[in-house]
Amino acid sequence: MNNFLFIKTIKQAGIIIKRALITGITGQDGVYLAQFLLKKGYKVFGTYRRLSTPNFWRLHYLNIFDKVTLIPADIRDSRSISEALIKSNPEEVYHLSAQSYVGVSFDQPIQTGDITGFGVVRLLEEIKKFNDKIRFYQASSSEMYGHEQSPIKNEVTPFKPSSPYAVAKLYAYWMVNLYREAYGIHATNGILFNHESPLRGLEFVTRRVSNGVAKIWLGLAKELKLGNLNAKRDWGYAPEYVEGMWKMLQQKKPDDYVLATNESHSIKELVVEACKVAGIPISKIKTSKDHFRPFDVQHLQGDYSKARKKIGWKPKTKFKKLVKMMVEEDISRWERWLKGEYFFWDAATSGEDSQIIAKKIHQKNK
Ligand code: NAP
């Protein structure tokens, strides 16, 4: 049955099944959002990159790999985006795919601009042609505030981006505003402050710390090297933030919203808390100039009162609970893996960590 007939049949039966397309469904937010929308009864489609080894571990980890429809698409290629829209025929599009790591954006500024900035416009152009009634969510970022000096940021705080990533996100932010004003598209920016989970990518500092501390605790590593420990961030729990994305798209009118916890903690506090959870001395954590960024944002803290008032969203998980959850999950994964249990997981296949595992297994088999 084609899409049109499928929708017609369901409508005749009085059943409304909403269809959502998530770009970047393989990322941290992508999988939590997919899980959330499935629970709400949506038919969920998601784009992934056609790589030699597609990044499906998170979908398996949450046990939703078989429950979503995956469509290969590269956000640098308008044709594949158009095909994804035709195949999914969605009412809602959540645009999460991006080169999302600030550090990498200094090494790859052009690629970051193309994916994180222009990618959004390619998608909006295709939406405008395919169905301008689609509701569109853009994953904007607190990094757009950069070196702006106000201690607490909200939707009217000026932006002063301080990395190629943040500049690309700001370009996208304004294009979303433009498509809303000029073409009447229901396009919303969620300006999200950092949100973490055990499914965070290994390159991000929270997961570097939770995974690093777990390895030290198990005797798999001697130390962990980090960069600037003084930078402060507003860290929330990712599954709560994806619910906020959905709430934004249920509003009659599109708008821009900050999601944050309105608390900030330094990377040093993160390290102290993580070491406490694992019971290892803080002296095992070292700093290295190699891990410093050319230009670092010192302090980010967000005021989510507009989201609380207008869409009824507020964060629940506190910083200490979040750190505990991440450290305990990484310790448990390493323990299970070393006992020979097999499951989908990123650390087991990443360069440095896969070597640790190979060495351990080799020692065990001797
Ligand atoms: P993430 O885990 O890094 O996921 C990024 C996603 O983008 C992955 O699915 C990745 O695919 C995909 N992607 C990368 N390049 C692509 C390309 N050329 N074409 C198509 N897809 C591509 O990021 P996240 O934490 O889930 O964040 C989701 C979005 O929110 C991102 O746009 C991020 O910048 C933004 N954001 C995140 C935070 C946060 O704290 N997490 C805060 C503010 C804003 P692969 O799996 O194949 O790599």
Filtered residues of the range 332-353 (kept if within 20 Å of Glu203 (Cα to Cα), crowded, with 17+ Cβ neighbours inside 10 Å and aromatic (Phe, Trp, Tyr))
Trp334, Trp345
Matching residues in the range 216-252 - criterion: being open to solvent by less than 10 Å² (accessible area, probe 1.4 Å) and assigned to a helix (DSSP H, G or I)
Ala238, Tyr241, Val242, Gly244, Met245, Met248, Leu249
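Looking only at residues that are of a type in the set (Ser, Thr, Tyr) and not in a loop (DSSP other than H, G, I, E, B) in the range 130-165, which one is farthest from Ile22 (Cα to Cα)? Steps first, please.
Looking only at the range 130-165, we keep the residues that are of a type in the set (Ser, Thr, Tyr), and these are 137, 140-142, 145, 150, 157, 162-163, 165.
Remaining after also requiring not in a loop (DSSP other than H, G, I, E, B): 137, 140-142, 145, 165.
Values: Tyr137: 9, Ser140: 15, Ser141: 17, Ser142: 21, Tyr145: 25, Tyr165: 21 Å.
Step by step, filter the range 130-165, then rank; the result is Tyr145.
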Being among the β-branched types (Val, Ile, Thr), outside any strand (DSSP E or B) and farther than 17 Å from Phe204 by Cα: is that true of Val258 here?
no
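Given Ile127, Ile81, Ile75, Ile152, which one is more than 13 Å from the ligand (Cβ to nearest atom), in the same structural domain as Ile17 (by TED's automatic domain parsing) and over 27 Å from Ser305 (Cα atoms)? Before the answer, list the steps.
Details: Ile81 fails: more than 13 Å from the ligand (Cβ to nearest atom); Ile75 fails: more than 13 Å from the ligand (Cβ to nearest atom); Ile152 fails: over 27 Å from Ser305 (Cα atoms).
Result of the check over Ile127, Ile81, Ile75, Ile152: Ile127.
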Quick one: which residue in Ala187, Ala182, Ala166 is open to solvent by 20 Å² or more (accessible area, probe 1.4 Å), of a type in the set (A, V, I, L, M, F, W, C) and modelled with pLDDT of 95 or more?
Ala182
Out of Thr116, Thr47, sole residue that is closer than 30 Å to Asn228 by Cβ, within 14 Å of the ligand (Cβ to nearest atom) and surrounded by 16 or more Cβ atoms within 10 Å (Cβ to Cβ):
Thr116
Matching strands (runs of 3 or more DSSP E) fully within the range 24-129 where at least 2 residues are β-branched (Val, Ile, Thr):
43-48, 69-72
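Residues checked against (1) buried (at least 18 other Cβ atoms within 10 Å of the Cβ); (2) touching a residue at least 12 places away in the same chain (Cβ under 8 Å); (3) out of contact with any strand residue (DSSP E or B) (no Cβ under 9 Å at 6 or more places or on another chain):
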{"position": "Leu38", "(1), (2), (3)": "no, yes, no"}
{"position": "Gly41", "(1), (2), (3)": "no, yes, yes"}
{"position": "Asn55", "(1), (2), (3)": "no, yes, no"}
{"position": "Lys67", "(1), (2), (3)": "no, yes, no"}
{"position": "Ile71", "(1), (2), (3)": "yes, yes, no"}
{"position": "Ile81", "(1), (2), (3)": "yes, yes, no"}
{"position": "Leu85", "(1), (2), (3)": "yes, yes, no"}
{"position": "Tyr94", "(1), (2), (3)": "yes, yes, no"}
{"position": "Tyr101", "(1), (2), (3)": "no, yes, yes"}
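Just checking, does the range 260-274 include any residue being among the hydrophobic types (A, V, I, L, M, F, W, C) and within 28 Å of His186 (Cβ to Cβ)? Walk me through it before giving the result.
So in the range 260-274, the residues among the hydrophobic types (A, V, I, L, M, F, W, C) come out as 260, 267, 270-272, 274.
Applying the additional criterion that residues be within 28 Å of His186 (Cβ to Cβ) yields 260.
Yes, the conditions are met somewhere in the range 260-274.
The values are calculated or read from the model by the stated rules, or taken from the named source; none is laboratory data. On a predicted model such as this, the values are computed, not experimentally measured, just so you know. All Cβ positions, even for glycine, are placed from backbone atoms using ideal geometry, and neighbour counts span all protein chains on display. These area figures cover heavy atoms from the full protein model, side chains too; ligands, DNA and RNA do not enter into them. Shrake-Rupley method; radii C 1.70, N 1.55, O 1.52, S 1.80 Å.
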